[in-house]
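Reviewing the structure listed below.
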């Protein structure tokens, strides 16, 4: 397997970033190790049949596609065809093996979305057995907190999923996971295409238990494009490559939904991340939304509307519409609640100046085909070069530390007494001027590990053979 050369060693400044959008290819043991015995046969399991390797859940067969595990491959080698774990880079499915990949790209810490459950747990929502589905959600979250993140303290930000079919259960799971160390919740960019109530249902109150729990626990909602299980396309004939180019526009539409839903003024502490949405469209959305509110707010708040702009509209005098708070400009709501995320934006500095430096986060999308790895640190450092050091620090890691209430692993320059552990904004200039070649230590020692050892322990992942029923080690390609 071919791998690009790292440029980290030649970096002129030790500017490490926190990536708020990466992905985990779940190791085969996640659910089989955690589900009660009576649910294991129907629960997620990685098997090999006459078609090759795939996940099985209830009566579904779900292979892992090559576009989801492309790390280490040249773009000429990208393929949407199914890919076996033995053909993946170990960092795709092993959080300890991934550390070397993070270091290579100067990624200090990483927030990872699920793969088999899909971006916000749609697989379990679509399952027939909701008791099994809830157990699978809990098992995934325990894996993410205890194993994926727990095996490398300070290097991963725990993102959890919820049982989408029940807001009360979802709220309880948010609180359970927050107590166990979760830092964020994956939520659908648009629940309506899933057959769930939209953000506007019942004046935005259907999802209140979820928003209340997330606000109470201080966990941002990370909304990734595709988490509605509906990709933007202009026709059934739209080619897949065009659909990929259109992907971020779903978050454009979602952002406008949030801004006019009436939800954000009711939950001052609620934060939303537009995962893998990019930045280019955000200034236009803010300008257009402010303009629309200024021009249309008077009739829009005067009564209850029925119908649509094509077939005709009627209005019933009602106080219901007044429940939507349009007293705050959409642009201000955005700055109070919403964060744009980017991988590669050549005009990043100009866009950040328009959006606001406190509302922008960095991401790398490892191990997907849109990823900037292994050149992530160099790429973003170059694109942010003209920003003041304090602002570069915010975008590359400071905003993420603040938003997720996350303390990353220690950064220690070689031959230096400087410890930039949880460095504040006053340390930004020091941080930007330090030499490359840092060492990283775990944020806290694991059980049985001596403080300061800096070693991470990797679990023994297994592949289950459908034919023999035996566990065999995964071949790990470097």
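Here are some notes:
- Verdict on residue 145 being surrounded by 23 or more Cβ atoms within 10 Å (Cβ to Cβ) and within 20 Å of the chain's Cα centre (by Cα): no
- Residue ID - surrounded by the most Cβ atoms within 10 Å (Cβ to Cβ), chosen from residues in region 217-234 that are at pLDDT 95 or above and under 13 Å from the mean Cα position of the chain (by Cα): 222
- Restricting attention to region 228-242, the residues that are assigned to a helix (DSSP H, G or I) and farther than 18 Å from residue 80 by Cβ total 0.
- Region 72-91 - residue that is buried (at least 21 other Cβ atoms within 10 Å of the Cβ) and touching a helix residue (DSSP H, G or I) at 6+ places or on another chain (Cβ under 6 Å) and, of those, farthest from residue 149 (Cα to Cα): 83
- Residue satisfying all of: in region 34-54; buried (at least 20 other Cβ atoms within 10 Å of the Cβ) and touching a strand residue (DSSP E or B) at 6+ places or on another chain (Cβ under 9 Å); farthest from residue 369 (Cα to Cα) among these: 43
- Within region 92-106, considering residues that are touching a residue at least 40 places away in the same chain (Cβ under 8 Å) and surrounded by fewer than 21 Cβ atoms within 10 Å (Cβ to Cβ), the one farthest from residue 150 (Cα to Cα): 103
Results for (1) modelled with pLDDT of 95 or more; (2) in contact with a helix residue (DSSP H, G or I) (Cβ under 6 Å, 6 or more places away or on another chain), shown as yes or no for each residue.
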{"site": "202", "(1), (2)": "no, no"}
{"site": "205", "(1), (2)": "no, no"}
{"site": "211", "(1), (2)": "yes, no"}
{"site": "215", "(1), (2)": "yes, no"}
{"site": "236", "(1), (2)": "no, no"}
{"site": "243", "(1), (2)": "no, no"}
{"site": "259", "(1), (2)": "yes, yes"}
{"site": "269", "(1), (2)": "yes, yes"}
{"site": "281", "(1), (2)": "yes, yes"}
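- Any hit, region 52-70, residues being at positive phi, within 22 Å of the chain's Cα centre (by Cα), part of a loop (DSSP other than H, G, I, E, B) and touching a residue at least 24 places away in the same chain (Cβ under 8 Å): no
- Selection within region 104-135 - in a helix (DSSP H, G or I) and in contact with a strand residue (DSSP E or B) (Cβ under 7 Å, 6 or more places away or on another chain): 123
- Residue within region 107-126 that is farther than 30 Å from residue 362 by Cβ, modelled with pLDDT of 95 or more and surrounded by fewer than 20 Cβ atoms within 10 Å (Cβ to Cβ) present: yes
- Residue check for residue 164: buried (at least 22 other Cβ atoms within 10 Å of the Cβ), touching a residue at least 24 places away in the same chain (Cβ under 8 Å) and either in contact with a helix residue (DSSP H, G or I) (Cβ under 6 Å, 6 or more places away or on another chain) or not in a strand (DSSP E or B) (or both): yes
- Of everything in region 289-327 that is modelled with pLDDT of 85 or more and surrounded by 14 or more Cβ atoms within 10 Å (Cβ to Cβ), the residue that is nearest to residue 226 (Cα to Cα) is 289.
- Of everything in region 136-159 that is in contact with a strand residue (DSSP E or B) (Cβ under 6 Å, 6 or more places away or on another chain) and not in a helix (DSSP H, G or I), the residue that is farthest from residue 32 (Cα to Cα) is 155.
- The set of residues from region 345-364 being within 27 Å of residue 77 (Cβ to Cβ) and either modelled with pLDDT of 95 or more or in a helix (DSSP H, G or I) (or both) comprises 362, 363, 364.
The values are calculated or read from the model by the stated rules, or taken from the named source; none is laboratory data. Given the structure is predicted, the values throughout are model-derived calculations rather than measurements. So basically every Cβ, Gly included, is an ideal-geometry build from the backbone, and we count neighbours across all protein chains shown.
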